[in-house]
Amino acid sequence: RSVGAVALPGQPGMAEAEAAGDAGLGPAAAQDGAELAAVIGATVPTGFEQTAAEEVREKLGSASRISKDRGKIYFEVPARSLPQVHRLRSVDNLFVVVQEFKDYQFKENKEDALKDLEDLVKKLPWTDPLKVWELNNSLKKKKTKRKKHNLQSPASRGKLSDGGEEGGADQNNTNDQEDCAQNPVAVEPTGGQDKENPQGVTSRNGVEEEEEDNEQSEVKAEVQASSESGSKADEAQTGEGEAKVLRFRVTCNRAGDKHSFTSNEAARDFGGAVQEHFQWKADMTHFDVEVLLNIHSNEVVVGIALTEESLHRRNITHFGPTTLRSTLAYGMLRLCDPQPTDIIVDPMCGTGAIPIEGAAEWPCCYHIAGDNNPQAVKRAANNISSLLRKNESKDSSTALGVPLDVIQWDICRLPLRTGSVDIVVTDMPFGKRIGSKKKNWDLYPACLMEMGRICTPGTGRAVLLTQDKKCFAKALSRVGHIWRRAQTVWVNVGGLHAAVYLLRRTSEPAQDTRPFW
């Protein structure tokens, strides 16, 4: 994800970008009386771009374009749909596109190339994207107020009793970017695409929300107010009254080997031009707005960030050493096409990211989570409790719990009847932070056999994530009579090249070799 500092617009009628390559997608101009629309860019788990595009079409009715830069999609929506955009389950970070250039011609000389980027700032159509940013910001403030109100209610006063790490190790940097810089004035390198949050601040998608109708009416009111009164960005630029000077940051993500400059240099010069044009104050940490400069070979996208931290943090409050991103969990679950009344099992659940995401998005299925580590089971149980409390705080009169149970068990001896499970979805040990590559050579075949035993012959399916691809391929060849590989999705997990395998259960009956007791 690229994060960056945004400078709010100066003059509302700024000229559109004219030169430097063929312009691609840009914001839909809001003519007088026309509805404000936005081109939204979203970062998604690498390998699941098509899954995200399908979700956008189903839930928002918009067609998506998958970027050449893996892990990103673009789609156009009316500004009033921003709440639904933030509720998408497959996206990590969101930004509104200011302008996209599909074939930007960079000068060979470094000084000339950087000068072109500086000159680009005053040519870009900032006005409508910044109205979208302001609307998004106002919605965030409303949700924060609702959250504070709910936190004072009796339903949310209970505290978790768990020894697990809070804000612990989470998977970073799902995009293979060459380099990344955040720099309006001074360079401050980033360690990954997500901003760590040691204070445990709830992500924007995780705050409590009102009924959708009320939220939609609020958005319409905000859009109307924005068009009537103009943006506070214009106010800050013109200096009328005593409007505060907005603080900004620019982040550049660059990939490609034909550029004469680094991402640090691009962020520094582009950020300087933003500061000069809008008279904003540069601030690397306590910024109001972020401008994103994404450069992938000859594709350049300028955008304004709409999320402060990744939406994948929505479900998890108690992290483990290998907590799976909720967005990746959603992609894995969607791959196996759950149907109502399906029984879905995660036999190595860790902190429960997969079953919790499943219970939230597929409540008509029954989800069972288990792990052999008692600490992992405890963390998963506490994450489920947090989800229950969040549901109660929304509306205690309709809180019915979640169709999910968590159990401690042995993956090779599951206490489940033969052929009783429809789907198995799990994140298998990579042999790095947990277990070892050597142990996987015995564990993987035993796991696949036991999963084959509990799954329904002919219709059962399994979606398994692993980075130990060689070991998995060997294990799968040993159980080819019960599992058939149907699809492989290559993904990036915390900088590791991993694979998600969709397996289908053959009609061969499984032999139950477990002793009776």
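The values are calculated or read from the model by the stated rules, or taken from the named source; none is laboratory data. Being a predicted model, the structure only gives us computed values, none of them experimental. Neighbour counts run over all protein chains shown; Cβ positions are idealised from the backbone, glycine included. All accessible areas refer to the heavy atoms of the entire protein, side chains included, with ligands and DNA or RNA removed. Shrake-Rupley method; radii C 1.70, N 1.55, O 1.52, S 1.80 Å.
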- From 265, 222, which residue is assigned to a helix (DSSP H, G or I) and either open to solvent by less than 10 Å² (accessible area, probe 1.4 Å) or modelled with pLDDT under 75 (or both)? 222
- Identity of the residue in segment 484-508, open to solvent by less than 30 Å² (accessible area, probe 1.4 Å) and touching a residue at least 60 places away in the same chain (Cβ under 8 Å), that ends up farthest from residue 70 (Cα to Cα): 502
- Message: So for segment 319-329 (the condition being closer than 25 Å to residue 392 by Cα and open to solvent by 20 Å² or more (accessible area, probe 1.4 Å)), does at least one residue qualify?
- Response: no
- Query: Which of the residues that make up segment 35-61 are part of a helix (DSSP H, G or I) and over 16 Å from residue 310 (Cβ atoms)?
  - Reply: 49, 50, 51, 53, 54, 55, 56, 57, 58, 59, 60
- Task: May I ask you to list pairs of residues, at least six apart or on different chains, whose Cβ atoms are under 6 Å apart, with the first in segment 445-461 being on the phi > 0 side of the Ramachandran plot and the second being small (Gly, Ala, Ser) and outside any helix (DSSP H, G or I)?
- Result: 458/507
- Task: Specify which of the listed residues (79, 28, 7) is modelled with pLDDT under 95 and either open to solvent by 10 Å² or more (accessible area, probe 1.4 Å) or within 18 Å of residue 489 (Cβ to Cβ) (or both).
- Result: 28
